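Step one of this worksheet: look at the structure below.
The values are calculated or read from the model by the stated rules, or taken from the named source; none is laboratory data. These figures come from a predicted structure and were not determined experimentally. Please note: Cβ atoms are built from the backbone with ideal geometry, for glycine as well, and neighbour counts cover all protein chains shown. All accessible areas refer to the heavy atoms of the entire protein, side chains included, with ligands and DNA or RNA removed. Shrake-Rupley method; radii C 1.70, N 1.55, O 1.52, S 1.80 Å.
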Amino acid sequence: MTQPPPSFEVNAFDAYRQAESVPSDTQAIYIQEGGKTKGGLFDTPGKHPKILRLQEIMIVSALLCFIHALIATFAGDAVKPLPGLPSLGPAYGIVLLVVSLAIYGLVYFTIQGGKRIGLTVGLVFAIIGAFVAILALIGSTVETKQFGFLTLYVPWFVVNVLWIRAAFDPEVKANLV
């Protein structure tokens, strides 16, 4: 004949899974505030993914630019990425670092605010950055035969080209005013 079906009791795993369905304190506050965040550096709700990609590419470009500026400012004449340029000293290099940081910050936060002017300024400086990367690449490989800089300047050029390409995306332009 037939046997009765086995009875299953609530085990520890089921109790844990039921406890997981209750929102945490952070989730409860988020729900209570209507799902709005306070804003910040990486405020992603409601932001188009292509805008976020543009900002991510810009952060990588800024890091590579910063590394290039540090090398160009503090390295000796034997390892300068652009030989033949006059050495203006570390103070001038630090000023250029601060200016670069200010420009990257301006572009990042104007795009974060949804302004098209950030896209235009970023496009101009991405073209300049790609040009500087090519000059530094040629200067460091042809002039001084230092192939170690290839790992810096090839990615910097590629990142700037990716930023230029992403800036011309119609969806990016449509989401900025």
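For segment 94-132, the candidate set comprises residues that are over 23 Å from PRO49 (Cβ atoms) and open to solvent by less than 20 Å² (accessible area, probe 1.4 Å); within that set, the residue that is modelled with the lowest pLDDT is GLY129. Restricting ILE51, ILE67, ILE59 to residues that are under 24 Å from the mean Cα position of the chain (by Cα), open to solvent by less than 40 Å² (accessible area, probe 1.4 Å) and modelled with pLDDT of 80 or more narrows the list to ILE51.
Residues of segment 135-158 being open to solvent by 20 Å² or more (accessible area, probe 1.4 Å) and at pLDDT 90 or above, which ones?
Keep residues of segment 135-158 that are open to solvent by 20 Å² or more (accessible area, probe 1.4 Å), which gives 135, 137-138, 141-151, 154-155, 157-158.
Across segment 135-158, the qualifying residues are VAL154, PRO155, PHE157, VAL158.
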